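Below is one structure; the comments refer to it alone.
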Amino acid sequence: MNVKICICDDSSEERAFINALVREWSQQSGTDVSVCEFPTAEAFLFEYEDLVPDLVLLDIEMPGMNGVALAKRLRERNKLIQIIFITGFSEYIAEGYEVAALHYLLKPVSPGKLFSTLDRALEKQETDGRKIVFETSAETVQLLLYEIRYIEVIKNYITVYAEGSYTVKRTLKEIERELDERFLRVGRSYIVNLHYVSRVTRSEIFLRGGESVPLPRGAYETVNRAIINLKR
């Protein structure tokens, strides 16, 4: 498998340094890579449709469009792309949650930290590509697992909430077998994708996007532990 990686940084020295590290990681991990470089966000967007990279290493402070704005544009086009910010400014870290950035690396970049982050990116790429297929009363639906925010059961039907909602006659136990470690059963009625959790109280789980799921009494510690143990 060839992994397409793009480096976007206005510093030619920084691009060359990161490129060399990526190629070193490629040799050590046995991963075939194609690497391209861009000095601005605008130059990257101009070439994007011909490239469609798997992973992008983004500087944040760049002339014109900055890295965060570019990441938002990329995420609109491609929900599977892995985004890694490389920056000298830690104050931008909170903005990475908006675009589901995999990680922030602070300059000067440590080879070890970059290599472990690239390893995680490959794992996440494989995980995010997993799909689930089910039939509603009107259609056959195929969803990527990472798109599912939560699942609710009412009597003999489950409703899967992603960009839309889909109701199908199945049990939570049946669909649970097709999910992975990012999903947690919460009480009798819900399964939650922990990657979408923004905060947890003693009575509710709040998800990015505004939804909330009731939390059964005594489940708070279990949910918190699951979030901490999950590889993000």
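The values are calculated or read from the model by the stated rules, or taken from the named source; none is laboratory data. Quantities reported herein were computed from a predicted structural model and do not represent experimental measurements. Every residue, glycine among them, receives a Cβ derived from its backbone with ideal geometry; neighbour counts consider all protein chains shown. Accessible surface areas use protein heavy atoms only, side chains included; no ligands, DNA or RNA. Shrake-Rupley method; radii C 1.70, N 1.55, O 1.52, S 1.80 Å.
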**Prompt:** With every protein chain present, what is the per residue accessible area of the chain (1.4 Å probe, Å²)?
**Reply:** 53 Å²
**Complete:** For the range 210-219, Karplus-derived ³J(HN,Hα) couplings (6.51, -1.76, 1.60; θ = phi - 60°; whole Hz; x for glycine and proline) come out as x, 6, 9, 10, x, 10, x, 4, x, 9
**Request:** Would you please give the FRET efficiency between R73 and S34, computed as 1/(1 + (r/R0)^6) with r the Cβ-Cβ distance and R0 = 25 Å, to the nearest 0.05?
**Result:** 0.70
**Message:** Per DSSP helix of 4 or more residues, -39500 (n - 2.57); summed, then divided by the residues of the chain. What does that give at 222 nm, rounded to the nearest 500?
**Reply:** -10000 deg cm²/dmol
**Request:** Return the sequence-ordered ³J(HN,Hα) values of the range 16-21 in whole Hz as given by the Karplus equation 6.51 cos²θ - 1.76 cosθ + 1.60 applied to θ = phi - 60°, using x for Gly and Pro.
**Result:** 5, 5, 5, 4, 4, 5
**Asked** Once the piece of chain linking E61 and K107 is laid out straight, how much longer is it, given 0.36 nm per residue of separation minus the C-alpha distance between them?
**Response** 15.4 nm
**Asked** With charges set only on the Cβ (+1 for Lys and Arg, -1 for Asp and Glu), what does the dipole of the range 38-189 come to about its Cα centre, in debye to the nearest 20?
**Response** 740 debye
**Prompt:** More than 34 Å apart: what percent of Cα pairs in the chain qualify?
**Reply:** 24 percent
**Asked** How large, in percent, is the carbon and sulfur part of the accessible surface of the chain at a probe radius of 1.4 Å?
**Response** 49 percent
**Loop-located GluC sites (Glu not before Pro) in the range 5-106 whose Cβ has at most 15 other Cβ within 10 Å (DSSP)** = E61
**Request:** Pop a pseudo-label 7 angstrom from the Cα along the beta-carbon direction at both E204 and K173 and give the gap in nm to one decimal.
**Result:** 3.1 nm
**Fill in**
Treating only Lys and Arg (+1) and Asp and Glu (-1) as charged, each at its beta carbon, one finds that the range 133-232 has a dipole about its Cα centre, in Debye to the nearest 20, of 460 debye
**Asked** Put +1 on the Cβ of every Lys and Arg and -1 on every Asp and Glu Cβ in the chain; which of V35, Q142, I7 then has its Cα farthest towards the positive end of the dipole?
**Response** Q142
**Message:** How big is the dipole moment of the range 1-126 about its Cα centre under a simple scheme where the beta carbon of each Lys and Arg is +1, that of each Asp and Glu is -1, and everything else is neutral? Debye, nearest 20, please.
**Reply:** 320 debye
**Prompt:** For the range 23-129, what is the relative contact order in percent, using Cα pairs closer than 8 Å and at least 6 residues apart in sequence?
**Reply:** 22 percent
**Fill in**
Note, the range 125-142: 3J(HN,Hα) by Karplus (6.51, -1.76, 1.60, θ = phi - 60°), whole Hz, Gly/Pro = x, goes 4, 5, 5, 5, x, 5, 10, 10, 10, 8, 10, 8, 5, 10, 7, 9, 10, 10
**Message:** Within 10 Å of each candidate Cβ there may be at most 11 other Cβ atoms; applying that plus a DSSP loop requirement, which GluC sites (Glu not before Pro) in the range 180-232 survive?
**Reply:** E181
**Request:** Round to the nearest 0.05 the FRET efficiency obtained for N2 and E139 when R0 = 41 Å and r is the Cβ-Cβ distance.
**Result:** 0.75
**Request:** Within the range 31-84, list the trypsin sites (Lys or Arg not before Pro) lying in a DSSP loop whose Cβ has at most 13 other Cβ atoms in a 10 Å radius.
**Result:** K79
**Message:** Give me the net charge for the shell around V3: Cβ to Cβ below 9 angstrom, other residues only, Lys and Arg +1, Asp and Glu -1.
**Reply:** -1
